[in-house]
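Read-outs throughout are calculated quantities, based only on the coordinates presented, and are distinct from any laboratory measurement. Note that this is a predicted model, so its numbers are computed, not measured. Every residue, glycine as well, gets a Cβ built from its backbone with ideal geometry; the counts of neighbours run over all protein chains shown.
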Amino acid sequence: MKRLLAALLVVALPACVSVAEAQAPGEVFRKVAPSVVVIRAKGRDISASGQSRFAETGSGVLISQDGKVMTAAHVVHAMDEISVEFLGGETVKAHVVASEPAADLSLLQLARVPSGAKSSPLANSDPIQVGDPVIIVGAPYGLSYSLSAGLISARWKPNTVYKTMPLAEFFQTTATINTGNSGGPMFGMNGEVIGIVSHNISKSGGSEGLGFVVTINTAKKLLLERKSFWSGLEGQILQDAEADLLNLPPGATGYIIKTVAKDSPGDQLGLRGATMIVNLGHGELPLGGDIILFVEGIKAEAANLAKIRDALTSKASGSPFKVTVLRAGKMLELSGRVP
């Protein structure tokens, strides 16, 4: 009988440990809320009528006590002003230090860390499986510190869901995601960050259970280990037909700039953004700004984006780099230094 009881205890012990590690959603929320932030950013947009100002609201998570915050690139990447609000309402300024739009990820540095703010640990997201319970904390429609709970409904390898974000490995989740959740953290039930919210797919305009979250291992690789270069530019690669319409040299293409974030490396380089949006029959195109032709001697075309990104990311802080642009029909070479 004693041997039987001992055997039962050995079998039951792992189950007890696993139950102890998992927590109820409310318990996880109270544990992680001091690390979750609301991000409010201001930027400029260009339309057919010219330039206008706009505001963006998103979410983020404090990942270190020295003031590093992870969020989504589309919330902050090309914005002029960024402020971060903590639980309790205290707000501090922040700036971008690394960004990768091809995975919808950005890393912010706070001007200071409020007292009482706590960072959340980053998980290893590889073991997370379909069916695992998760929670998301953020500011949907500006409603700060809202909790949604759900399950991991699928995993998507890089370059399988969105061609515009080829570097992102995604979790798909049933947890509700709405405007304002972007950049917020997804937590496992042990309180560790397992992903950064990107977006949802909706035909009705509301949440339909098709939320997509970039895995935290992707974020660690691109923002912490490699620290992707932040340009502060928003724009697009020209198609061949568009390059011809703009009278670029034969066989040439480039990256046409829409906006340049204030005090960004692009701004310090002297790059100019567009002054208007026009439709040339191939979709909308920003005009009036610079067209980047070469970066460090590498042709600015879709096939070379990864090569350009790696060339800039590999440079040490303070290292010089060069960009060749077409401006008002003339080719100029601009020089800058890596932040």
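Exposure proxy ranking for Ser144, Ser335, Ser59, Ser64, based on other Cβ atoms within 10 angstrom of each Cβ and starting from the fewest, stands as Ser335, Ser64, Ser144, Ser59. In this simple spin-label model, placing a label point 7 Å from the Cα along the Cα-to-Cβ direction at both Val278 and Leu224 gives a separation of 4.7 nm. If you take the square roots of the eigenvalues of the alpha-carbon gyration tensor of the stretch 26-152 and sort them as a ≥ b ≥ c, do you get rounded (a/c under 1.5), prolate (a/b over b/c) or oblate? It comes out prolate by the Cα gyration axes. Reported to the nearest whole Å, the Cα centre-to-centre distance from the stretch 130-169 to the stretch 314-333 is 36. Take each uninterrupted DSSP H stretch in the chain, measure its Cα extent along the helix axis, and return the ones at 20 Å or beyond whose mean Kyte-Doolittle hydropathy is at least 1.0. Answer set is 2-21.
The charge dipole of the chain, taken about the Cα centre with unit charges on the Cβ atoms of Lys, Arg (+1) and Asp, Glu (-1), comes to about 620 debye, rounded to the nearest 20. Report the paramagnetic label zone for Lys93: residues of the stretch 34-58 whose backbone N is under 17 Å from a point 7 Å from Cα along the Cα-to-Cβ axis. Only 40-43 fall inside the zone, counting backbone N under 17 Å.
Bridging of Lys322 to lysines at a Cα separation below 24 Å is possible for Lys227, Lys258, Lys262, Lys299, Lys307, Lys330, once same-chain residues fewer than 8 apart are set aside.
Computed from the C-beta positions of Thr313 and Ala111 and an R0 of 35 Å, the FRET efficiency is 0.90 to the nearest 0.05. Look at the dipole of the stretch 184-286 built from charges on Cβ: of Asn247, Ile196, Ala261, the Cα furthest out on the positive end belongs to Ile196. Cβ-to-Cβ counts within 10 Å put Tyr255, Tyr141 in ascending order as Tyr141, Tyr255, the fewest first. With viscosity 0.890 mPa s and temperature 25 °C, the Kirkwood radius over alpha carbon pairs of the stretch 233-337 converts through Stokes-Einstein to a diffusion coefficient of 175 µm²/s. Each helix, a run of at least 4 DSSP H residues, gives -39500 (n - 2.57); summed and divided by the residues of the chain, these come to -4500 deg cm²/dmol at 222 nm.
Full extension of the chain between Asp66 and Asn124 gives 18.7 nm of extra length, using 0.36 nm per residue less the Cα-Cα distance.
Shape summary: the chain maps onto an equivalent ellipsoid whose semi-axes, from the alpha-carbon gyration tensor, are 41, 20, 19 Å in decreasing order.
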